[in-house]
Amino acid sequence: MTENTPALLEIRDMSVTFRMYSGGLQQSDVRVVSDLSVSVRAGEVLAVAGASGSGKSVLAAAVLGILPDTACVQGHMYYAGQELTAARQAVLRGTEIALVPQSVAFLDPLLKVKDQLYVGRRKRKEAENWKRIFARLGLSEQTAQLYPFELSGGMARRVLAALALLTDARLIIADEPTPGMSAEQAAETMRLFREMAENGRAVMLITHDIDTAFDHADRVAVLYAGTAVEVMPAGDFRRGPDALRHPYSRALWRALPQHGFCPAAGLQPPAENLPEGCLFAPRCPLCTAVCRTAPPPMREVRGGEVRCYYGA
């Protein structure tokens, strides 16, 4: 994979709004994703990082076309160079595009694990591969004989990862795949995603586990309050704040325990009360008057992208 490799998935200026109801007939529209642009190429792992409520899981659901009917998606999504319409999402979902979901409720409670391995897939390939994948994820072959209620949380997440890894999907979207796993199991799961990318697939890895993910990612998209504020080579985050472009990315770096655990003052704004202008302005040490009135555009800086007037 090179910088000239075309994007397998490209998202341009995507916004997602939910219609909310309160007090009976009162309704309001709450925007949870705003003008988000990001892409992932075949042959790379793109880590999508940010605090809870930053829009990471909504992004995944929008790409797959599994948002509820109360959601309105605006902007453009392209898969393999073609518009990703609702009809095309329905055709590609589970075949070309696979999800490792955050919720273990995605497992069918009425089917044993072994029966869920074969649903919609070529049985011959499954018979050859599932035992190998299970072994690498620390799952015994006996796990295939269990129902979901018999699995621990960590086991269920590893089964969900195995289901996606066993598909022929060209794009894997992994939404917080490692909670409940031991450090060794999480690292092995990351290595499997890395191998998939090296074999020509694209992986979008949505995660809170920054350290584990960044060790295996090629690029990192940092989300804040529903938009991407920086997209960078993963090595920039490992090098430290001087290599980063956005004040929030630097705040994330400093908030890690090994870097002093110094979180930025203030809180991420709720979706129903977003500030005018730059979404990070109320917490930003570089904020000026223009930041409070006009949202900054995404621009290229030092081999990455940043949504900040002063990012350098």
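Structure notes:
- Number of the condition not met by Val58 [criteria: (1) open to solvent by less than 40 Å² (accessible area, probe 1.4 Å); (2) part of a strand (DSSP E or B); (3) out of contact with any helix residue (DSSP H, G or I) (no Cβ under 8 Å at 6 or more places or on another chain)]: (2)
Matching residues to (1) among the small types (Gly, Ala, Ser); (2) modelled with pLDDT under 95:
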| residue | (1), (2) |
| --- | --- |
| Leu25 | no, yes |
| Asp29 | no, yes |
| Ala42 | yes, no |
| Gly53 | yes, yes |
| His76 | no, no |
| Ala80 | yes, no |
| Arg88 | no, no |
| Val100 | no, yes |
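- Selection count, region 22-51, where residues are in contact (Cβ under 8 Å) with a residue 40 or more places away in the chain and assigned to a loop (DSSP other than H, G, I, E, B): 5
- Filtered by the rule that a residue be in contact with a helix residue (DSSP H, G or I) (Cβ under 7 Å, 6 or more places away or on another chain), charged (D, E, K, R) and either part of a loop (DSSP other than H, G, I, E, B) or buried (at least 19 other Cβ atoms within 10 Å of the Cβ) (or both), region 216-249 gives Asp218, Arg219, Glu230, Asp236.
- Candidate set from region 79-109 (those that are part of a helix (DSSP H, G or I) and touching a residue at least 40 places away in the same chain (Cβ under 8 Å)); member that is most open to solvent (accessible area, probe 1.4 Å): Phe106
- Among (1) closer than 20 Å to Pro179 by Cβ; (2) assigned to a strand (DSSP E or B) - the single one His76 does not satisfy: (1)
- Every pair of residues 6+ apart whose Cβ atoms lie under 9 Å, when the first sits in region 184-201 and is touching a residue at least 12 places away in the same chain (Cβ under 8 Å) while the second is in a helix (DSSP H, G or I) and open to solvent by 50 Å² or more (accessible area, probe 1.4 Å): Glu188/Arg136; Thr189/Arg136; Arg191/Arg136; Leu192/Arg136
- Taking region 3-49 as the range and being open to solvent by 10 Å² or more (accessible area, probe 1.4 Å), under 23 Å from Pro270 (Cβ atoms) and in contact with a Leu (Cβ under 9 Å, 6 or more places away or on another chain) as the test, the residues that pass are Asp13, Phe18, Arg31, Ser34, Val38.
- Considered as a group, the residues in region 110-163 that are part of a helix (DSSP H, G or I) and of a type in the set (S, T, N, Q) include one that is modelled with the lowest pLDDT, and that residue is Asn129.
- Residue match in region 261-269 (condition: polar (S, T, N, Q), modelled with pLDDT of 90 or more and crowded, with 24+ Cβ neighbours inside 10 Å): no
- Here Phe237 clears all of (1) among the hydrophobic types (A, V, I, L, M, F, W, C); (2) at pLDDT 95 or above; (3) over 27 Å from Gly94 (Cα atoms) except the condition numbered (2).
The values are calculated or read from the model by the stated rules, or taken from the named source; none is laboratory data. This structure is a prediction, so every number in the text was calculated from the model and none was measured. Positions of Cβ are backbone-derived with ideal geometry, glycine not excepted, and every protein chain shown enters the neighbour counts. Each accessible area value is taken on the protein alone, full model and side chains, heavy atoms only, with ligands, DNA and RNA left out. Shrake-Rupley method; radii C 1.70, N 1.55, O 1.52, S 1.80 Å.
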